[in-house]
Structures are given as C-alpha cells and as structure tokens.
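Participant: One structure follows; several queries about it will come next.
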Amino acid sequence: MTDIQEDTTRRLPELKERHLPDNCRESVSALLKEVYGYNQFRNLEIYDDLFKGKEKLCISQGQLIENVILEAEKARAGAAQVDNILLTAPTGSGKSLLFQLPAIYLGKEYNLLTIVVSPLKALIVDQVEGLQDLGYTRVAYASSDLSPEQKSEVYRRVREGGIDLFYLSPELLLSYDIKHFVGERRIGLVVVDEAHTVTTWGKEFRVDYWFLGRYLTALKQSLGYSFPLFALTATAVWNPKGGNDMVFETIRSLQMEPCVLYVGTVKRRNIGFDIRQMQMEEGETYDKAKQRVVAARIDDFLNGHKTLLYYPFAGGIDMRLKTWVKPGDWHLVASYYGKKDKEQKAAIVQEFRDGTKQLIVATKAFGMGVDISDIDRIYHVAPSSTFVDYIQEIGRAARDADIQGLSVTDYHKRDFYYMKRLHQSGSIAQEQLVLILRKLMEVYRMKGNKPDIMVSLSDFEFVVKLPRTKNKLEYEAELGQLIKTALLWLEDDLAQRYGKHLLEVSPKNLLTEGYVQDKTGDAFAHEFKNYLTAVKGAEGVYRARLEDLWEERFPELGYKEFKQKLNNGTLWEGSRAVSVGKHEVLLKKDAASIRERIDALFRDLTAMLKNALVKRKGKFDEEELRAVFAEHDMDVRSAKRFIGSLLESRTEEGRSVSYISSVKKKDSNELSFTVTRGFDLLLSRYQKLFAQRIVGSEGDRLTFFCTPFSDLNMLLNLLSMLDCLSFSAEGGGTPCVSVRFNEPDLLEKLALSDDYRNLILDMNEQIFQEQIELFTFFFGTDKLTDEQRWDFVEDYFTGMDVAELKKKF
C-alpha cells in the first residue's frame, strides 16, 4: 500500500542508571528472619551493561529489596519522578522474596498496600498459601474463580487495612475501578510477576497483560499519586536490535519508563545436558522408537531420581504412560495437565514434593509457581514451544544449589511435528486479520459510525476455527484470547506504521449487561424483577443487570459456575432462563433474492459433496470447493470458513455430530476434506430456518435473540460471509471490548484492500521458524560440552542471532 510507512523500527525505551544501595536496612533483615526464617540474603549475578559487554556484577537480594523500598518511599513523599524496576533472573533465584519482603515492610511501616498481578491462578495460590504456612496472615488473593461472597470478604480486609499483600488476576483488575478492591487504601507498590507473558511471541502470551501498562498509567492519573512498578520474570531475551526482544518490549508494553533494568545471568552451573540422537532400528516407526527410548529413560529415572518429564500434548499422556512405565512402577508415577481438577493437581504436587511420586509426566501446565527444590532430572520428549520456554523448563531442576541437575533429550528431526501442530492450532492467519478488520468496520457502520462502540467477541466467531464440542466457557475463553489478540495486533501494527493510533481497543467487565430468555413462563421474571427489564416485542426476553444479579442473589457461586448455570438454563429451579445475544441484522438485498442465492449455492454444494461420497468415500479438496464458490462470487478465504462452519461439530440430541473434517495436505497449505452422509439434512434445516426468520426488503433491520451456539447464529454468520447482510451481536454472556475509531476512513480503505499484511504476525512467524532452527542446532549436535551449551544459551539470551550462533558454535 503506497501510503503506509514500512519503517517500523522503534525507539528504545529510556533506561535509568542503577544506583544500588550498599545494603538493606536492619528492620528488613529482621523481617527476613522473622517471616522466612533466613539469616541472610542470597546473591544474584547480573550483567553490568549488556550494551558494553557481558561483564557481571554480584548483588545481594537485600540491595535490590532496599532499592524497591526506597522508590516506594519516594512516591509516598510525593517525589516528581519515581523509577520503575524490571528484573530478569533464572528460575530458582528467589524472585518472589524480592517483592514479598518490600510489601510486608511497606504495610507494616506505612500501612501501604502492594498489589501483585500474576497470570496463573496456580502461581497466585501457591505463593499466598506459602506465606500463610509461614505464619504471615496479611496476604490474600482474588480471582474470578472466587464467589462474590469470598471476594467481598477479601476486599473488606484489604480496605480496612488487614491485608498488605494483595494478589489479583489481570482480568479481574482490568474489569473494575480500583476503589472496588481497595477503597481509600493507598497503593505503595504494584508488582507484575511473570512479566514475559506480555510479549507477543510464544505460547505464554496473555492478552490481558498487554492492557496493564495503559491501565496502570491511567490509574496513577486518576488516583493523583504515583507508585513504583516492579516487573519480574525468569526468562527474557535481551535483543534491542532483534524481533525476538522481550526485555524492551516488556518495558514498552507496561509503560515502565523511566526504568531501572537488572538482567540476571541465565547460566545454571549445576545443570548439565544429556542430549542424544535417537536412532530408529530396522522396521521401526518414529512412534515405536520414541516409545522404546522413553521407556528406557524412565527405567533409569526411577532408580533414585526425582524427574519431571515434559510431553507436548495433554491428550494421550495417560495412554502413553502405560506403554512407558512397567506395571510394577505405576505407583511411583503420575500425570499432570490443565484438564485435571484443582484437588487432583494439588495432591499430585504434594506427593511429588514428599517423594511418594518420583516422576511426573506433564504438559507445560506444570511449572510456574511449583517450587520443588530437589528435582534432578528434566526430560523433554520433544520441544513444544520456544527455546526460551525450554530454558525456563529445565531451570526447574536443581533449585537446591547442592543438587546436580540434568536436562535430558533423545532428539529426532521429526520431534518438531508437535511444535508445528501446537503452533498451527493457536495461531492467527493473515487472512483472519483481514476478515476481522472487515467485520470491525461492518459493526462500526451498523452502529451508526459512532467513534466509540462496544463490540461483542461473538461477532468474530466465524473467523476463527475453534471446535464447538468444548464446553461453552472454555470455548468463550479461547475465543476471547484469540480475538482480543488479533484486535491488539491490528491496533499495534497500524500504530507502528502510521505513528498514531488508528483504533484503540480496551477490555470490558467480566459480566456486562446482557439478555435472558425464559420460554417456560414468568417464574424467573417474577423472582428477579428488580434486575430485569422486559424487551418490547420479544416474548420472554429481558435485559438483565447480570453482575448485580450474580453478586446480590447468587453470592455463593463463582463466576464460571454462575455463567455455566445461566448458559445451561439451570440458574433458578422451576425455570429454563438462558443467556441470549441480541443480533441486529441489516439486509443488503431483499430476502427473496438472498433465498435464491443460498438455494443455488446449496444445490451446487450438495451435488459436489454427493459426488465425493459416491466416487471417493467423501473426500474432496480445496480446488473443487474453490470452483463451486467461484460460481457464486464468493472468495476462497470465506469459502473455507463457510464450509467448515456450516458442517462443523455440533450437538444434536445430546451427542456430538460432525459432518465434515479437514486435514492439511503434505507439503502444501491446501486442505483436503472428508464429508459424511447426513450433511444434506443439515443444509435443508438451514433453508427451513431461513424461510421462517429472514424476511423483508433491502435496507430493513431485523432483531433476533438467540444463544451463541444456535443454528440461527450460524446462519447469520454464513449470510454475512455471502455479503447478503450485516449483523452485530451484543449480550449473550460473551465478553466485549470497547473500540475507538480514530481514523475510520483510513481503516475502511485498509479493510477493502487485498494487500494488507500485519507485520507483527510476520515477525512472529519468522521467530517461530528461528526457534526450530535453534532447537535443530542445539539438539542436533553431540559435540558441545555442558559449558559450551550454556555459552550458547547465554549468547542467545543476550542478543546473538541464529546465524551468528551457528557460526560461533
């Protein structure tokens, strides 16, 4: 595009010179002994100045803690400038103490509150319970999983000064005014833990972290006073010139300028490497060979070691355990992954901690926040994510300095199958970003070209291919992560190109106002009349103040439980009131001509699919699909989404049914499809639904209330793809974002052009390919000593690119 400036290099954030205090005040050292039982602080090794080289300094935890406290005291005294601090330090270096101790001191000395924002509930709970076990009770947490009853008790204690160290999940913090949590209590320090999750490449990215910088900057302005921001992470690449930089992206995203930077060394001298090339025996498949080498390793690990074995996929772990472990040893082994419930996970961690279990087979769900000091073996069946994540995972070995740890791998070039599959399943494509931008402009026009609008994430459902078989809340969470990420990538890319924000995205409350429909009578409406307003012309439909309803009438339910019951129609006994979305529709053609168009398309589609069933067991490829859609002036981008959405997994009579499946062809980006019998019944169902609901002339507006998973919702998406109508959804319980359109004409032009490419997405793809190169080199050689491997890791983490690394090693 001619009017886009392609120079997207950014100014580096301003760093402040470090002025480390000589030591820590005595009263803080006394608290170290009193709360933690330690007599002295540990030392940390940091780089002096990576712009000049890799010279190192040894600093005490106490000096850094004093630095944090001094900045908080400066803010309390009303200083014009308060410095923020970013620390990167390896797993096991005692980072949580670095913010917990200042928080305890600031609370005790000045009644100041410290807020800790952390991305993982397990991490939050682990740290809070750890402190409570030590006898420190002025600590608590709040996350969306707690019921309103539990949360209001925690908020009361925070407001009244009974809590000094308060952990919050980012989505909760971003959903409310700060007074909601803290009342008039003064904030002394804000901590962002696991700050690397703010960077946009890698599987760890948490979209809510991206909003934190803006939120905290605005918070200081609204409160009328300042506080230091202290961000910490175990793993961050320092590479100011490269696309894989994490350190400066974190400072930029969290709006931490001016920032004092401490980059800790990544080398772990008490962890070695045992990396071997996996050889396949004659007649052996890759899977059989992997099974053989892993089983042999586990035999060895169960002989006096404590081992964490990483497997990329949750599905299949338990089945593989049976083939890897001898029946006599099963009692020594457990599996750990995201789907296990809280109690199961806690029990497994405890048994691993006390040695009852000697080996845990886990996905990367086992990690952040699990502090077990005597693990001595980490085994990777195959890499699942970035090189940075791999280094963080092996850092979970030998936290106890007296233990010698070992990172173990049996490498084969086919190991990247897992990594590629995981990358594809969670990634956003360029074509999706264009479709999202187009949909965004359609909703903008539907809502009267207002500069600020609320957009429901369900508006973008058709763009992302997520399996519908999941439970609605899981589906909603995944949809939210994907769409918010896409919107933010659009926002950030366009801001970089044009030097100004063309659009601005911000998240909204967990529960906004929504709509409820009850077809079983008026018992629900009668019971909760104070929270409901009847919608004119829509029988049994009410606009509902969902948040008030939840907090005042169902305070014992957690957020997920409340949403689930509302989605399933089981919130109130004696009624089937369910959450519905309001769909506003604008017809772009007369209903009769739209009907002709969809009938003709379905006719040609049915002929092609029946031919595939008769002649090729239901198989057909993208080219055949393209030919059908070209006849009906529908672009292929939409065609693939259309066919997938049309016949995808759905629940019918309580069972899951899928009429179509697709796989990627080898050595090509094309898809190959398989259709099953019965698809034509589904198509005729849509035609009947169309006849019942879509009526009127071009320019008419229709309103429907339906659930996010309904056939009507799907039909509207399909007609929107055919460019027969525009629609926008609100309510339905699906999260919303607020979007501000600063340059709608320019955005419209971009949406309609066919050559927009998102450069952030391009950069992320490039980094992904680099990760494979890194692993290929690192795992594919037997020639490196442990010392050389750690030199390689250090060089990568301090800015050396892949080409230079290969040359050097």
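The values are calculated or read from the model by the stated rules, or taken from the named source; none is laboratory data. Because the structure is predicted, anything quoted here is derived from the model rather than measured. Please note: Cβ atoms are built from the backbone with ideal geometry, for glycine as well, and neighbour counts cover all protein chains shown.
Participant: Can you confirm whether ASN567 is out of contact with any strand residue (DSSP E or B) (no Cβ under 8 Å at 6 or more places or on another chain) and in a helix (DSSP H, G or I)?
Facilitator: Details: out of contact with any strand residue (DSSP E or B) (no Cβ under 8 Å at 6 or more places or on another chain): no; in a helix (DSSP H, G or I): yes.
No.
Participant: It is to be established whether one or more residues within segment 741-749 are outside the structural domain of ALA486 (by TED's automatic domain parsing), out of contact with any helix residue (DSSP H, G or I) (no Cβ under 6 Å at 6 or more places or on another chain), surrounded by fewer than 20 Cβ atoms within 10 Å (Cβ to Cβ) and of a type in the set (Lys, Arg). Can you show your working first?
Facilitator: Quick first cut of segment 741-749, residues outside the structural domain of ALA486 (by TED's automatic domain parsing) only: none.
No; the residues of segment 741-749 include none that is outside the structural domain of ALA486 (by TED's automatic domain parsing), out of contact with any helix residue (DSSP H, G or I) (no Cβ under 6 Å at 6 or more places or on another chain), surrounded by fewer than 20 Cβ atoms within 10 Å (Cβ to Cβ) and of a type in the set (Lys, Arg).
Participant: Could you check segment 489-501 and list, in sequence order, the residues that are aliphatic (A, V, I, L, M) and surrounded by 20 or more Cβ atoms within 10 Å (Cβ to Cβ)?
Facilitator: Selection gives LEU490, LEU494.
Participant: If you go through segment 421-434 one residue at a time, how many are of a type in the set (A, V, I, L, M) and either touching an Asp or Glu at 6+ places or on another chain (Cβ under 8 Å) or crowded, with 21+ Cβ neighbours inside 10 Å (or both)?
Facilitator: Residues that pass the stated criteria total 2.
Results for (1) in a helix (DSSP H, G or I); (2) touching a strand residue (DSSP E or B) at 6+ places or on another chain (Cβ under 7 Å); (3) buried (at least 16 other Cβ atoms within 10 Å of the Cβ), shown as yes or no for each residue.
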{"residue": "THR323", "(1), (2), (3)": "yes, no, no"}
{"residue": "HIS331", "(1), (2), (3)": "yes, no, no"}
{"residue": "ILE348", "(1), (2), (3)": "yes, yes, yes"}
{"residue": "THR356", "(1), (2), (3)": "no, no, no"}
{"residue": "ILE360", "(1), (2), (3)": "no, yes, yes"}
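Participant: So which of ARG185, ARG214, ARG276 is within 30 Å of VAL154 (Cβ to Cβ) and either crowded, with 19+ Cβ neighbours inside 10 Å or outside the structural domain of VAL154 (by TED's automatic domain parsing) (or both)? Spell out the reasoning first.
Facilitator: Numbers: ARG214 fails: either crowded, with 19+ Cβ neighbours inside 10 Å or outside the structural domain of VAL154 (by TED's automatic domain parsing) (or both); ARG276 fails: within 30 Å of VAL154 (Cβ to Cβ).
When all the criteria are applied, what remains is ARG185.
Participant: What about GLY367, is it within 24 Å of LEU321 (Cβ to Cβ), modelled with pLDDT under 90 and in the same structural domain as VAL325 (by TED's automatic domain parsing)?
Facilitator: The answer is yes for GLY367.
Participant: Out of (1) of a type in the set (Gly, Ala, Ser); (2) part of a helix (DSSP H, G or I); (3) touching a residue at least 40 places away in the same chain (Cβ under 8 Å), the odd one out for SER425 is which?
Facilitator: (3)
Participant: State whether the residues of segment 35-46 include one that is touching a Phe, Trp or Tyr at 6+ places or on another chain (Cβ under 8 Å), surrounded by fewer than 18 Cβ atoms within 10 Å (Cβ to Cβ), part of a helix (DSSP H, G or I) and assigned by TED's automatic domain parsing to the domain that holds THR217.
Facilitator: yes
Participant: Separate question: What single numbered condition from (1) closer than 24 Å to ILE163 by Cβ; (2) surrounded by 22 or more Cβ atoms within 10 Å (Cβ to Cβ); (3) among the hydroxyl-bearing types (Ser, Thr, Tyr) fails to hold for THR88?
Facilitator: Checking THR88 against (1) closer than 24 Å to ILE163 by Cβ; (2) surrounded by 22 or more Cβ atoms within 10 Å (Cβ to Cβ); (3) among the hydroxyl-bearing types (Ser, Thr, Tyr), the one that fails is (1).
Participant: Then there's this: Which residues, counting only those in segment 233-244, are surrounded by 21 or more Cβ atoms within 10 Å (Cβ to Cβ) and either charged (D, E, K, R) or not in a loop (DSSP other than H, G, I, E, B) (or both)?
Facilitator: The answer is THR233, and nothing else.
Participant: Every residue in segment 689-716 that is in contact with a strand residue (DSSP E or B) (Cβ under 7 Å, 6 or more places away or on another chain) and aliphatic (A, V, I, L, M), please.
Facilitator: LEU702, LEU712, LEU716 - these are the residues of segment 689-716 that are in contact with a strand residue (DSSP E or B) (Cβ under 7 Å, 6 or more places away or on another chain) and aliphatic (A, V, I, L, M).
Participant: Still on this structure: Can you list the helices (runs of 4 or more DSSP H) lying wholly within segment 702-795 that have 1 or more residues being at pLDDT 90 or above? Steps first, answer last, please.
Facilitator: Working: elements: 711-721, 744-752, 759-779.
Filter on segment 702-795 gives 744-752, 759-779.
Participant: Taking the condition charged (D, E, K, R) and in a helix (DSSP H, G or I), does GLU184 pass? Can you show your working first?
Facilitator: Numbers: charged (D, E, K, R): yes; in a helix (DSSP H, G or I): no.
Here the answer is no, as GLU184 does not meet what is asked.
Participant: Can you go through THR533, THR485 and tell me which one is of a type in the set (Ser, Thr, Tyr), in a helix (DSSP H, G or I) and modelled with pLDDT of 85 or more?
Facilitator: THR485
Participant: Another question about this same structure. Check SER710, SER684 and return the single one that is among the small types (Gly, Ala, Ser), surrounded by fewer than 19 Cβ atoms within 10 Å (Cβ to Cβ) and assigned by TED's automatic domain parsing to the domain that holds ALA612.
Facilitator: Sole residue among the options that is among the small types (Gly, Ala, Ser), surrounded by fewer than 19 Cβ atoms within 10 Å (Cβ to Cβ) and assigned by TED's automatic domain parsing to the domain that holds ALA612: SER684.
Per-residue answers, yes or no, for (1) touching a Pro at 6+ places or on another chain (Cβ under 6 Å); (2) among the acidic types (Asp, Glu); (3) at pLDDT below 90:
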{"position": "GLY644", "(1), (2), (3)": "no, no, yes"}
{"position": "GLU653", "(1), (2), (3)": "no, yes, yes"}
{"position": "SER656", "(1), (2), (3)": "no, no, yes"}
{"position": "LYS664", "(1), (2), (3)": "no, no, yes"}
{"position": "GLU670", "(1), (2), (3)": "no, yes, yes"}
{"position": "PHE679", "(1), (2), (3)": "no, no, yes"}
{"position": "GLN692", "(1), (2), (3)": "no, no, no"}
{"position": "ASP700", "(1), (2), (3)": "no, yes, no"}
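Participant: Looking only at segment 478-507, count every residue that is charged (D, E, K, R) and under 17 Å from LEU440 (Cα atoms) and tell me the total.
Facilitator: Total satisfying the criteria: 5.
Participant: Can you work out which of the residues in segment 532-552 that are of a type outside the set (D, E, K, R), over 30 Å from LEU146 (Cβ atoms) and more than 35 Å from the chain's Cα centre (by Cα) is surrounded by the fewest Cβ atoms within 10 Å (Cβ to Cβ)?
Facilitator: Result: GLY537.
Participant: Has segment 123-136 got any residue that is part of a loop (DSSP other than H, G, I, E, B), surrounded by 19 or more Cβ atoms within 10 Å (Cβ to Cβ), outside the structural domain of LEU473 (by TED's automatic domain parsing) and touching an Asp or Glu at 6+ places or on another chain (Cβ under 9 Å)?
Facilitator: No, segment 123-136 contains no residue that is part of a loop (DSSP other than H, G, I, E, B), surrounded by 19 or more Cβ atoms within 10 Å (Cβ to Cβ), outside the structural domain of LEU473 (by TED's automatic domain parsing) and touching an Asp or Glu at 6+ places or on another chain (Cβ under 9 Å).
Yes/no matrix, rows are residues, columns are (1) on the phi > 0 side of the Ramachandran plot; (2) not in a strand (DSSP E or B):
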| residue | (1), (2) |
| --- | --- |
| LEU494 | no, yes |
| HIS501 | no, yes |
| GLU504 | no, no |
| LEU511 | no, yes |
| TYR515 | no, no |
| GLY521 | yes, yes |
| HIS526 | no, yes |
| ALA538 | no, yes |
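Participant: Out of all the residues in segment 508-530, which are surrounded by fewer than 21 Cβ atoms within 10 Å (Cβ to Cβ) and modelled with pLDDT under 90?
Facilitator: Across segment 508-530, the qualifying residues are LYS508, ASN509, LEU510, THR512, GLU513, LYS519, THR520, GLY521, ASP522.
Participant: Quick check on this structure: which one of LEU113, LEU32, LEU106 is under 23 Å from GLN255 (Cα atoms), of a type in the set (A, V, I, L, M, F, W, C) and surrounded by 15 or more Cβ atoms within 10 Å (Cβ to Cβ)?
Facilitator: On the way: LEU32 fails: under 23 Å from GLN255 (Cα atoms); LEU106 fails: under 23 Å from GLN255 (Cα atoms).
Being under 23 Å from GLN255 (Cα atoms), of a type in the set (A, V, I, L, M, F, W, C) and surrounded by 15 or more Cβ atoms within 10 Å (Cβ to Cβ) holds for just one of LEU113, LEU32, LEU106, which is LEU113.
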